[in-house]
Amino acid sequence: MYLQHFGLAQYPFSLTPNTRYFLKLPSHQQAFDALVAVLSEEGNFSKIIGEVGTGKTMLCRKVLNALGLYPDKYLTAYIPHPILSEEATMLAIAEELRLEVPAQASYRDLLKLITECILRNAEQNRQVVLFIDEAQAMPEESLKAIHLLTQALPANAHPMQVILFGQPELDEVLERPMLKQLNSAVSYSYVLPALDNEGVEAYVQHRLSKAGYSGNHMFTAGALDNLLKNSRGIPRLINILCHKSLMVAFGKGERTIDEKHMQAAIDDTEPAQRTPSWTERLFGA
């Protein structure tokens, strides 16, 4: 659409998570480093909390890719859509671990298969790491089943780690009586904050650069100020507003994005006019 007009090789503000565009912002890099480090420590559960669009899935995939470089040390499983029953959750884990599941396997059969796989890999000094995205949507019974799975393993070893990525509601879910033990087993917790002024500018420039742009600053200071104010520093909303502002400028035959282009994008984007987010209220952004 506007690639040639702006000298781009690809669309810089796509909503599809792509680790090529991962920006080492202090907050996201801290979470990444901590998640990798915590794998060698005691405890079975970690959690990353963030508003919709703050980069949880991008971070999740970045850690997954990093562990994938060491197949002799880690065996990973990823559940992106966790609205599953206990049995369906165990089946999803078994499939992710590439286990041969007999037809009509019972919940008990699945539990046994997975446990044996985890222990077998532990004997080879390889750790199983389970990633659950949008964990706030997983039923209590299924989360409880995963916790019980970790409890079935030897107490003096930590051959399995579970990393939960979720929206703020995940904290409320974990505080429910049924999940009290799981909540107490969380050894690392981190809240992804929204981007500040410097973060927004770095984010926009980084994505433009990765998309092949090599010119001068495409977005004016006024446009970036408007972007920060109305996106509230949420990467997904930044992507939506930047993409729309590029379309507006392209339609006018202009190559610099200023306040009027950004305002047109904001006026066309309902979420940009909503009340302050949970992250904004928490961090005072």
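A few points about this structure:
- Considering only MET262, MET247, MET160, the Gaussian network model of the chain with Cα springs below 10 Å gives its largest mean-square fluctuation to MET247.
- Acute angle (nearest 10 degrees) that the helix 235-252 long axis makes with the longest principal axis of the chain, alpha-carbon atoms: 30 degrees
- Rounded to 10°, Cα long-axis angle of helix 56-68 versus longest principal axis of the chain: 60 degrees
- Sequentially through segment 136-141, phi angles give Karplus couplings (6.51, -1.76, 1.60; θ = phi - 60°) of 5, 8, 6, x, 4, 4 Hz, Gly and Pro residues having no value and appearing as x.
- The amide H of PHE131, built 1.01 Å from its N in the peptide plane, has ALA77, TYR78, ILE79, ILE163 as neighbours under 5 Å, considering only residues 5 or more places off or on other chains.
- Its relative contact order, with pairs defined as Cα atoms under 8 Å and 6+ residues apart, puts segment 59-134 at 44 percent.
- Residue separation of SER184 and ASN216 scaled by 0.36 nm, minus their Cα-Cα distance, works out to 6.5 nm of gained length.
- Between the helical axis of 86-96 and the longest alpha-carbon principal axis of the chain there is an angle of about 80 degrees.
- Taking every alpha-carbon pair in segment 26-191 and binning the separations at 5 Å intervals from zero gives 2, 8, 19, 23, 22, 16, 7, 2, 0, 0 percent.
- Based on Cα contacts under 8 Å between residues 6+ apart, the chain shows a relative contact order of 27 percent.
- Largest GNM mean-square fluctuation among VAL162, VAL129, VAL101, using the chain with Cα springs under 10 Å: VAL101.
- Under a Gaussian network description of the chain, with springs only between Cα atoms under 10 Å, the residue in LEU23, LEU148, LEU246 that fluctuates furthest is LEU148.
- On full extension, the segment bounded by ARG126 and ASP225 gains 30.9 nm, given 0.36 nm per residue less the C-alpha separation.
- The lysines whose alpha-carbon is closer than 27 Å to the alpha-carbon of LYS24, local same-chain residues fewer than 8 away aside, are LYS47, LYS56, LYS62, LYS73, LYS210, LYS229, LYS244.
- Only helices enter the 222 nm calculation for the chain: every DSSP H run of n ≥ 4 contributes -39,500 (n - 2.57), and dividing by all residues gives -14500 deg cm²/dmol, rounded to 500.
- Net dipole in debye of segment 26-191 [+1 Lys, Arg Cβ; -1 Asp, Glu Cβ; about Cα centre; nearest 20]: 320 debye
- The amide H of PHE45, built 1.01 Å from its N in the peptide plane, has VAL162, SER187 as neighbours under 5 Å, considering only residues 5 or more places off or on other chains.
- At full extension, GLN4 and ALA37 could sit 7.6 nm farther apart than now, given 0.36 nm per residue minus the alpha carbon distance.
- Centre-to-centre, using Cα atoms only, segment 79-156 and segment 176-232 are separated by 32 Å.
- Summary value for segment 1-122: 16 percent relative contact order, contacts being C-alpha pairs under 8 angstrom separated by 6+ residues.
FYI, it's all coordinate maths here, none of it is from the lab. The shown structure was predicted, so the numbers you read here are calculated from the model rather than taken from an experiment. Cβ sites come from the backbone with ideal geometry, for glycine too, and all protein chains shown count toward neighbours.
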